Amino acid sequence: MENNNRYKIYPELNFGVAKLDPGPKSIIEIYKLARTFREDKNFNKVFYQLTDLRGCIFNFDIEEINQIKSLIELYKNVDNQKLVIYLVDLPNETAYTHMFFESLNRESKYCSTPDKAYDLLHLPLSKEEFNKLISI
């Protein structure tokens, strides 16, 4: 099965979007997208990030999330993010996200709708423009 996980950085807006396709997700799959995002030449221009995990089913133990924490630590010298929003819509994944954010020392929030993400991010865009940008 092909992996269509993807991201896009809008350096002029200091905004980045990552999207994982719905369905079961291993920690390796999440790690690969997070690492590729951080290796992008424009990653240091991302101040605000939206990660869309709607429909994703985490197929790993909560302890494995420490791999993502280690990745964040590894790239901390080029990471200028001020606010990270995760879009999650399933109970188990919301709980994992909450526990993950509790363990990080950064401004991170989660919600279940693009409208709420738009409200939280306060980007200089109309809601319509925002929805176009996050439809990657």
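For region 89-110, filtered to residues that are within 17 Å of G16 (Cα to Cα) and not hydroxyl-bearing (S, T, Y), the residue that is surrounded by the most Cβ atoms within 10 Å (Cβ to Cβ) is K109. Among the conditions (1) open to solvent by 40 Å² or more (accessible area, probe 1.4 Å); (2) in a helix (DSSP H, G or I); (3) in contact with a helix residue (DSSP H, G or I) (Cβ under 6 Å, 6 or more places away or on another chain), the only one that A34 does not satisfy is (1). I9 falls short on exactly one of the conditions (1) touching a strand residue (DSSP E or B) at 6+ places or on another chain (Cβ under 7 Å); (2) in a loop (DSSP other than H, G, I, E, B), and that condition is (2).
Residues in region 2-38 that are over 23 Å from E64 (Cα atoms) and hydroxyl-bearing (S, T, Y): Y10 alone. Every listed requirement among (1) part of a loop (DSSP other than H, G, I, E, B); (2) under 13 Å from the mean Cα position of the chain (by Cα); (3) closer than 23 Å to N14 by Cβ is met by K41 save one, (2).
Filtered by the rule that a residue be open to solvent by 70 Å² or more (accessible area, probe 1.4 Å) and in contact (Cβ under 8 Å) with a residue 24 or more places away in the chain, region 111-136 gives a lone residue, P124.
Working only within region 79-106, note down all residues that are assigned to a helix (DSSP H, G or I) and within 17 Å of Q49 (Cα to Cα). Explain how you work it out, then say what you get.
Start the filter on region 79-106 by keeping residues that are assigned to a helix (DSSP H, G or I), which leaves 91-103.
Scanning region 79-106 gives T97, H98, F100, F101.
Residues that are more than 14 Å from the chain's Cα centre (by Cα), surrounded by 15 or more Cβ atoms within 10 Å (Cβ to Cβ), among the hydroxyl-bearing types (S, T, Y) and in a loop (DSSP other than H, G, I, E, B) occur in region 68-78; there is at least one.
For V46, only one of the following conditions fails: (1) under 19 Å from L121 (Cβ atoms); (2) open to solvent by 60 Å² or more (accessible area, probe 1.4 Å). What is its number? It fails just one condition, (2).
Within region 12-31, how many residues are in contact with a Cys (Cβ under 7 Å, 6 or more places away or on another chain), part of a strand (DSSP E or B) and open to solvent by 40 Å² or more (accessible area, probe 1.4 Å)? Adding up the residues that qualify gives 0.
The values are calculated or read from the model by the stated rules, or taken from the named source; none is laboratory data. What you are looking at is a predicted structure, and each value in this text was computed from that prediction instead of being measured. Reconstructed Cβ throughout: ideal geometry from the backbone, glycine too, with neighbour counts over all protein chains shown. Note: accessible area is taken over every heavy atom of the protein model, side chains too, but ligands, DNA and RNA are not part of it. Shrake-Rupley method; radii C 1.70, N 1.55, O 1.52, S 1.80 Å.
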